[in-house]
Amino acid sequence: MTNTPTAAPVPPAGAADPSRWLRTYHPRASAAARLVCFPHAGGAANAFVALSAALPEDVELLAVQYPGRQDRRGEPCAQDLSELAAGVAGALAASPDDRPLFLLGHSMGALVAFETARLLEERGGAARLFVSAARPPAQDWEEPDLALVGDGELVAGLRRLGGIPEPLLADPEIAAEILRLLRADHRALLRHRCAREHAVAAPVTVLLATADPKNSPAQMADWARHTTRGHEVVTLSGGHFALLERPAESALPVTERIRGDLARAEAFGASGASGASGASGAPGTEPLADLVRELMLEGLAGRTPRLTTDLTALEAAAGRVMAPEAFAYVSGTAGSGATGRANRAAFDRLRLVPRMLRGTRRADTSVTLFGQRLAVPVLLAPLAAQQVAHPEGESATARAAAATGVPMVLSTFASRTLEEVAGAAGDHPRWFQLYLPSDRAVGESLVRRAEASGYGAIVVTVDATHLGFRPAELDSGYSPFLRGTGIANFTSDPAFRAGLPADADATQTVLRWAQISTDPTLTWEDLARLRGLTRLPLLVKGILHPDDARLALEHGADGVVVSTHGGRQLDGSVSALDALPAVRKAVGPDVPVLMDSGVRTGSDVLKALALGADAVLYGRPYVYGLGLDGGRGVEHVLRCLLTDLGLALALTGCASLADVGPHVLANGDLR
């Protein structure tokens, strides 16, 4: 499939007749919303009968009837998916029913639903798009030409996928009809074209079955590219036809999101749910404290958040569900933990001063770094081997970061490759953190791959050339890297592979990684050589002394990150927040200064900004969210953080980050 734009489709004859295109199996006149469902290739409207019955009374399901089947057998099948989209869009536009529209497409039907949503945007659009068992529209689905596949082979493939009862496939006449429709739909599917930049102004919820043989989480990442309102992946149990075969299960997440969108639209006075923002809308698209209102509305319906909103309580919650050795790896600090405690104590010592009647309804949280405008002064810190917390690892984190408007800094020691994570992030800003390997060819290769994959900056970490003494990890005898987790960027790297025997096994691969992954002999001259390798902005992470900040700039750095490595390196170190003012003074007002270590809440972010940081890197809490609830957990954590930050800005009288300074702190004039 070639990804090229197409001209607007011409609506087929009769498109304005809703009854020709839409069937309602369980009419619900009092329902608050309509869910329009699009069948899969070879499928018919009655595929959604069971799902319709499983939906609650406040959601009415309308099943799309494609030409050439059921009540429309006398008509030829469509030659292109855009014909189907035009027909459904015309029928919906002609309908006098103005209840909010939600679209759901299964497999090929997801493409039709996507194109229909695009056509409907001139008339208010859809509130949300659900897609099931479907790769993103600009991807090549790698479907074969079924005209070249024999009947027996095709039926065998249908049996592997499931979804069609065996008695139907065993009946020659019924099987022949199924194959006729399947081949017709596949001809249209093979003709489908979608440009990578085509997007809908509605949030996208991907329903992905855990045992789907055709689709994987990695393939779903590009759905983020095709929406301007955020996307999420919700897992269902079962195979390719889980949506249809397990209607009671699949109805739950669909209903939950429909009700949430309707509640938000009502709370904010929107005209219909088409203006409702998805749970993953980026900052700046929703009123201040939207999350607070949303959760209160959920409370009225008797529902409470899946995860706590207390960001300081996430660690304990994650400790109860994560594998003990994985939790020890994520939460562990150096030695007695004094540096970790100092990082938190530094924030707790500072007090903010509220200011009154400043008329601040919405705070502008945007910041410009290296010429790029970021929606928020928060980036996800580079935490390694995230697959220890959740099977999707950094890919789930990248999708959640993109959905909430938070840039991600990917670790060199990620459990997913930088290319995979770039795919999950879509067009959202992202940076790459680099540990300089002792094999300089591998280091250069990693930089080139980051450039090619759209990473906007290189963050070189300099405070971990020696591994800190971390009792929690040592007591469990656990290293994810020595078990092959967290070295994906190396095993996928041609320069790294060139140093291995052709028949290298897993043990040899891990041993080579251990030999070259970091370099304790690094000097400032190595930073200067790295500066010569790339034109990307270069930040040095791990700075605590003002003289080191000056040296970083002298050797080519464009910015610095004040950090104690989350308290994981030197026990008894100065806290990052206490070191921040001197570093800011050393580099002057124009050099970007970021900080991490100890940041937990929105108020913490504000305190760091008040002491001179341009932005912060946010670490462990989002990985705890990942361990507790995958990508949805990461989204929840980030929405809580950003809501808290927005409120903290407003309550201290700051309408934008430009208003933040030492004056927001008690006795700030003494700093």
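The values are calculated or read from the model by the stated rules, or taken from the named source; none is laboratory data. Because the structure is predicted, anything quoted here is derived from the model rather than measured. Using ideal geometry, Cβ is built from the backbone for each residue, glycine included, and neighbour counts are taken over all protein chains shown. To get the accessible areas, we keep the full protein, side chains included, count just its heavy atoms, and leave off ligands, DNA and RNA. Shrake-Rupley method; radii C 1.70, N 1.55, O 1.52, S 1.80 Å.
Points 7 angstrom from Cα along the Cβ direction at Ala29 and Ala195: gap in nanometres?
4.6
Whole number in Å², please: accessible area per residue of the range 285-430, 1.4 Å probe, ligands, DNA and RNA not counted.
Dividing the accessible area of the range 285-430 by its residue count gives 42 Å².
In the chain, which longest range has no GluC sites (Glu not before Pro) that are both DSSP loop (not H, G, I, E or B) and surrounded by at most 15 other Cβ atoms within 10 Å?
198-671
Restricting to DSSP loop positions (anything but H, G, I, E, B) with no more than 10 other Cβ atoms inside 10 Å of their own Cβ, which trypsin sites (Lys or Arg not before Pro) remain in the range 349-390?
Here the sparse-neighbourhood loop sites are Arg361.
Angle between the Cα long axis of helix 506-516 and the longest principal axis of the chain, 0 to 90 degrees, nearest 10?
40
Can you compute the FRET efficiency between Thr465 and Arg362 using 1/(1 + (r/R0)^6), with r the Cβ-Cβ distance and R0 = 45 Å? Round to the nearest 0.05.
After rounding to 0.05, the efficiency reads 0.55.
Which net charge results when you count Lys and Arg as +1 and Asp and Glu as -1 among the other residues whose beta-carbon is under 9 Å from that of Gln65?
Result for the local shell: +3.
Which FRET efficiency value, to the nearest 0.05, do you get for Arg440 and Glu173 by plugging their Cβ-Cβ distance into 1/(1 + (r/R0)^6) with R0 = 51 Å?
That gives a FRET efficiency of 0.15.
Please work out the FRET efficiency for the pair Glu315 and Leu551, using the Cβ-Cβ distance as r and a Förster radius of 25 Å; give the result to the nearest 0.05.
Step by step, r from the Cβ atoms, then E = 0.10.
Counting DSSP beta bridges with both partners in the chain, what percentage is antiparallel, nearest 5?
Looking only at bridges with both residues in the chain, the antiparallel portion is about 10 percent.
Above 40 Å lies some portion of the pair distances; for the chain, what is it as a whole percent of all C-alpha pairs?
35
Please work out the Cα center distance from the range 32-100 to the range 597-618, rounded to the nearest Å.
Here the two parts' Cα centres lie 49 Å apart.
Find how many whole Å separate the alpha carbon centroid of the range 508-584 from the alpha carbon centroid of the range 313-355.
Result: 22 Å between the Cα centres.
Hey, which lysines would be in cross-link range of Lys607, C-alpha to C-alpha under 27 Å, not counting anything within fewer than 8 residues on its own chain?
Lys541, Lys585
Skip the ligands, DNA and RNA, and give the accessible area per residue of the range 497-557 with a 1.4 Å probe, whole Å².
Normalised by residue count, the accessible surface of the range 497-557 is 53 Å².
Just grab the label-to-label distance for Glu57 and Glu419, each label 7 Å out from Cα along the Cβ direction, in nm (one decimal).
5.5
Given axes a ≥ b ≥ c from the Cα gyration tensor, I'd like to know whether the range 44-139 is rounded (a/c under 1.5), prolate (a/b larger than b/c) or oblate.
It comes out rounded by the Cα gyration axes.
What percentage of the solvent-accessible surface of the chain, computed with a 1.4 Å probe over protein heavy atoms, is contributed by carbon and sulfur atoms?
Roughly 54 percent, rounded to a whole number.
Sticking with the crude label model, points 7 Å out along Cα→Cβ, report the distance from Ser492 to Arg99 in nm, one decimal please.
With each label placed 7 Å out from Cα toward Cβ, I get 4.4 nm.
Setting aside same-chain residues fewer than 8 positions from Lys214, which aspartates and glutamates have a Cα under 12 Å from its Cα?
Leaving aside aspartates and glutamates fewer than 8 places away in the same chain, those within reach of Lys214 are Glu142, Glu143.
Could you compute the net charge surrounding Glu197? Neighbours are other residues with a C-beta less than 11 Å from the C-beta of Glu197; K and R count +1, D and E count -1.
Around Glu197, the charge tally is +1.
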